[in-house]
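Please read the structure below before turning to the comments.
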Amino acid sequence: MFPLHPFIPHHPPLPLPSHYCHARSLSIPTWVIHTSSVIEWVAAIWFIWLYGEVTGNRAWFIFALAMLPALVSAMCACTWHFFDNAQSLEWLVTLQAMMTVVGNVTLMLAAWWLWRQGKANRERGPGVGVGAIAPLFLLFPDLPISKDSLFAISLFPYLAFLWFLTRSQQAPRLALIGFYMTLVFVGVTIPAGIYAKVAYGESLANVDWLHGSAESFLTLSNILVVLGFRQAVIERRQEANDGMK
């Protein structure tokens, strides 16, 4: 996944733990982490849709739909892992990377719409339109389209998504923290991938304990998003019930 640094000594790869049937298989704990991440993302979509209903803000419906490409991306990864990371199915990883880019762009647009909607209800002033983010994608015109470059490119719309969502001041605080936690997942994945390549001579996906440990940060991120919107829905419903008394 990552090239070896020229100044890092090339030691013989470490043996993988013997309790794995082979290097590419996933252990049960890692499968649990992957499965829970997918379930949590589906739950987040559901609670965000409910949040749109209780707030009467249809922009959250758009936001929920904007999360579907990321779900497709996750299913591509799980399908590849199900077939023991077969090299013949590596096109699934490229598709995963493409859907990650698409998903982050749709999230960025959904957050931009929330920000624009909120801005319309406040005093107008100079701001940033979604078009201002476009030059970020022109910084690397000659970058080859590979899974690694696509994953790298996907970070830019995600940062823009966080900017617009934060400025919109409409997301529940705990859920917003959860979306920011994804950056921690990215930050952990990069050094973990480098270590997997240097120490084991394998990509991160093929070193189970590193793979599962890194993925757990994404699971934690999704849990915070779910809990944030769940609590927000409960509070809104409670306020509505109190208002009817």
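The values are calculated or read from the model by the stated rules, or taken from the named source; none is laboratory data. Source: prediction; values computed, not measured. Methodologically, a virtual Cβ is constructed for each residue, glycine included, from the backbone with ideal geometry; neighbour enumeration extends over all protein chains shown. These area figures cover heavy atoms from the full protein model, side chains too; ligands, DNA and RNA do not enter into them. Shrake-Rupley method; radii C 1.70, N 1.55, O 1.52, S 1.80 Å.
Consider only pairs whose beta carbons are under 8 Å apart and that are at least six residues apart or on different chains; among these, list those whose first residue lies in the stretch 50-75 and is under 16 Å from residue 165 (Cβ atoms) and whose second residue is surrounded by fewer than 16 Cβ atoms within 10 Å (Cβ to Cβ) and among the charged types (D, E, K, R). Close Cβ pairs (under 8 Å, with a partner that is surrounded by fewer than 16 Cβ atoms within 10 Å (Cβ to Cβ) and among the charged types (D, E, K, R)) amount to 52/58. So is residue 121 over 29 Å from residue 25 (Cα atoms), modelled with pLDDT of 90 or more and either of a type in the set (Ser, Thr, Tyr) or surrounded by fewer than 19 Cβ atoms within 10 Å (Cβ to Cβ) (or both) or not? When the stated conditions are applied, residue 121 does not pass them.
Yes/no matrix, rows are residues, columns are (1) of a type in the set (Phe, Trp, Tyr); (2) part of a helix (DSSP H, G or I); (3) out of contact with any Asp or Glu (no Cβ under 6 Å at 6 or more places or on another chain); (4) at pLDDT 95 or above:
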position: 62; (1), (2), (3), (4): no, yes, yes, yes
position: 65; (1), (2), (3), (4): no, yes, yes, yes
position: 71; (1), (2), (3), (4): no, yes, yes, yes
position: 85; (1), (2), (3), (4): no, no, yes, no
position: 96; (1), (2), (3), (4): no, yes, yes, no
position: 106; (1), (2), (3), (4): no, yes, yes, yes
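Within the stretch 200-245, the set of residues being open to solvent by 50 Å² or more (accessible area, probe 1.4 Å) and under 16 Å from the mean Cα position of the chain (by Cα) comprises 213, 217, 220, 223. When 83, 47, 61 are screened for being more than 22 Å from residue 153 (Cα to Cα) and open to solvent by 50 Å² or more (accessible area, probe 1.4 Å), only 83 passes.
Just for helices (runs of 4 or more DSSP H) wholly inside the stretch 141-245: which have at least 1 residues that are at pLDDT 90 or above, more than 22 Å from residue 106 (Cβ to Cβ) and in contact with a helix residue (DSSP H, G or I) (Cβ under 8 Å, 6 or more places away or on another chain)? Spell out the reasoning first.
Values: elements: 147-153, 155-168, 173-195, 208-244.
By residue number, 173-195, 208-244.
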